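Read through the structure below, which is laid out as structure tokens, and then see the notes.
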Amino acid sequence: MRPSKFTHCIPAICAALMLTACGGESSDEPAATDAPSAVHAPNPLSSPLAPLSQHPVSAQQETRIANSGETFLLKQPEANARTMQGFSNLGSTCYANSALKFLIHSIGTKPLVQHLNALADAGDAGDAPQREAAWNFVQLIENSYSETAPSPQELENFFASLQKLPAFSSLNDAGMLNFPLVGRQQDANEFLMKLSQAFELRTLYTDGLVLQDAANAFKTSEEYATILQPASASDTLQEILDRTQPSTWQFKLRGKTRYLTVRMENAVNGAQVSNRNFNFNQTVQLQVSMADGKGTTTLTLEPREVVEFRGNDNAGHYLVYVKDEQWFRHDDAQVTALDRMPSMDNALLINFAITKAESRYSSVQ
């Protein structure tokens, strides 16, 4: 079955629905007129903790015109021409492979490793399972950028340590795991929720964009995610953003605000809606109100990571696309460099880098 619909992204926990076609075999590429040419990805980074291109390093005020507005350009670090290594499929683990790469690539290796090391070094003897899982997570991240990909045994050790944590260890009435990580396909978004709970990732999401609006039906404010819902199969991503009642969104550019992550609700009145009109090779804009109510801010957003679901009600497969100078498709262990992003029927998670914020005040300050 395809992924379930969630009313919240994190930390709400939703029931996982079983998929059947993710057991280690790559799915066939769907026919499309815009299919990109592809070559195999280069070797990974020599330094596993090098900053990633989608995690800008600082914000700089560029201009101020007659006290009526400000433009902030978010500087980009040096381009990263390499990407992560592939992850082996241990048996219906494409959902976890895709979600892990989405998380690592969007937050960045350094802040994520620092956070996990702090967890591994803290606590008493009762925290041993969390410390073990945090240490295994760090090893997985570092090996993702080593000369060789994480071995199947390293992945197995990581999943085994996760399975001991409260977020993953609950049992059903039959005494079986509610969320087995290996051997049964799970939902990628629910896996991210449980990772957030297991490793206290809420603090890392403060680098993301905070949009407050109780009346906006298109979004939630839970941790990192905003939910966007298309109205028709012809929608572009920009058209969906344009319909999100921008006058009621509140925005404040904080020192580390760098990205916005959304989760797509690809259904209208219960009917499945394709999003093949989404163009991930272009930037989009989002207009929001300033938190002080004195003006508006137009954000320029560049897609950097996308989780795709391929399948139907009976079978499915997850892939993730990440941008390091160019787009790379990660299909479990296979990593392919693309000269442009293809269209897709079902983008589930999209992460945007905020590359520019242009503010306009309602009156002269």
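The values are calculated or read from the model by the stated rules, or taken from the named source; none is laboratory data. Fair warning: this is a prediction, and the values are worked out from it, not measured in the lab. Glycine gets a Cβ as well: all are built from the backbone with ideal geometry, and neighbour counts include every protein chain shown.
Numbers for the structure displayed
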item: Qualifying position, being surrounded by fewer than 21 Cβ atoms within 10 Å (Cβ to Cβ), closer than 23 Å to V307 by Cβ, charged (D, E, K, R) and modelled with pLDDT of 95 or more, among E156, E142; result: E156
item: Residue in the range 314-334 that is at pLDDT below 85 and assigned to a helix (DSSP H, G or I) present; result: no
item: Search result, residues across the range 88-112 that are of a type outside the set (A, V, I, L, M, F, W, C) and in a helix (DSSP H, G or I); result: Y95, N97, S98, K101, H105, S106, T109, K110, P111
item: Output for the range 337-365, where each listed residue is at pLDDT 90 or above, farther than 22 Å from L228 by Cβ and either hydrophobic (A, V, I, L, M, F, W, C) or in contact with a Lys or Arg (Cβ under 8 Å, 6 or more places away or on another chain) (or both); result: A337, L338
item: Candidate set from the range 138-168 (those that are farther than 15 Å from D332 by Cα and of a type in the set (G, A, S)); member that is nearest to the chain's Cα centre (by Cα); result: A167
item: Qualifying positions in the range 257-273 - surrounded by fewer than 17 Cβ atoms within 10 Å (Cβ to Cβ) and more than 22 Å from E190 (Cβ to Cβ); result: V268, N269, A271
item: Single match in A215, A233 (criterion: at pLDDT 75 or above, among the small types (G, A, S) and outside any helix (DSSP H, G or I)); result: A233
